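This report refers to the structure that appears directly beneath it.
The values are calculated or read from the model by the stated rules, or taken from the named source; none is laboratory data. This one's a predicted model, so the numbers in the text were calculated from it and none came from an experiment. Here the Cβ is made from the backbone with ideal geometry for all residues, glycine too, and neighbour counts use every protein chain on show. To get the accessible areas, we keep the full protein, side chains included, count just its heavy atoms, and leave off ligands, DNA and RNA. Shrake-Rupley method; radii C 1.70, N 1.55, O 1.52, S 1.80 Å.
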Amino acid sequence: MHLISIRYLRADAAIYPDVAEQIEVWYRVVRDASWQSLQDIREIYPSADTVGNFTVFNIKGNGYRLIVDIEYETQTIYYKYFLTHAQYDKGRWKNNPYF
C-alpha cells in the first residue's frame, strides 16, 4: 500500500511523543501490505473499523485514533486525522465532506 501524507501523520503524531514508535510500526505494516478489504486489515488490526467512508485504527491501545481513506483498487491510503480518543469522540472529524 502507498500512504499519502506520511509527513503530515508524523507531524500530527509528534504532538504525542508516546505514540511515535506505534506510528512507525503501523507505517511499516501498511507499506508492506496489499489489503483488498477490511477483512484483510482485521487479520493484523482486529479492532480496525469502517466509519462512514473512512477506516479507523486504534493506536496505543485505545488512546488514539488514526483515520484514513483507503482505495483498495489503487492500493493507496490517504491520511486524514490523528486524534486522541477524546477528540475522536467529539466527532468534529465527521464534518469532512467525504465522510
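The set of residues in region 32-46 that are open to solvent by 90 Å² or more (accessible area, probe 1.4 Å) and within 15 Å of LEU3 (Cβ to Cβ) contains only ASP32. In region 16-31, the residue that is surrounded by the fewest Cβ atoms within 10 Å (Cβ to Cβ) out of those that are in contact (Cβ under 8 Å) with a residue 24 or more places away in the chain and of a type outside the set (A, V, I, L, M, F, W, C) is ASP18. Could you tell me which residue of region 2-15 is farthest from the chain's Cα centre (by Cα), considering only residues that are assigned to a helix (DSSP H, G or I) and surrounded by 11 or more Cβ atoms within 10 Å (Cβ to Cβ)? Only one residue tops the list, namely ALA11. When region 50-96 is limited to residues that are part of a loop (DSSP other than H, G, I, E, B) and under 16 Å from GLU24 (Cα atoms), the one that is most open to solvent (accessible area, probe 1.4 Å) turns out to be LYS60. Cβ-Cβ distances below 6 Å connect the following pairs, each with a first residue in region 50-66 that is more than 16 Å from GLN87 (Cβ to Cβ), a second residue that is among the hydroxyl-bearing types (Ser, Thr, Tyr) and exposed (fewer than 14 other Cβ atoms within 10 Å of the Cβ), and a separation of six or more residues or different chains: ASN53/TYR98.
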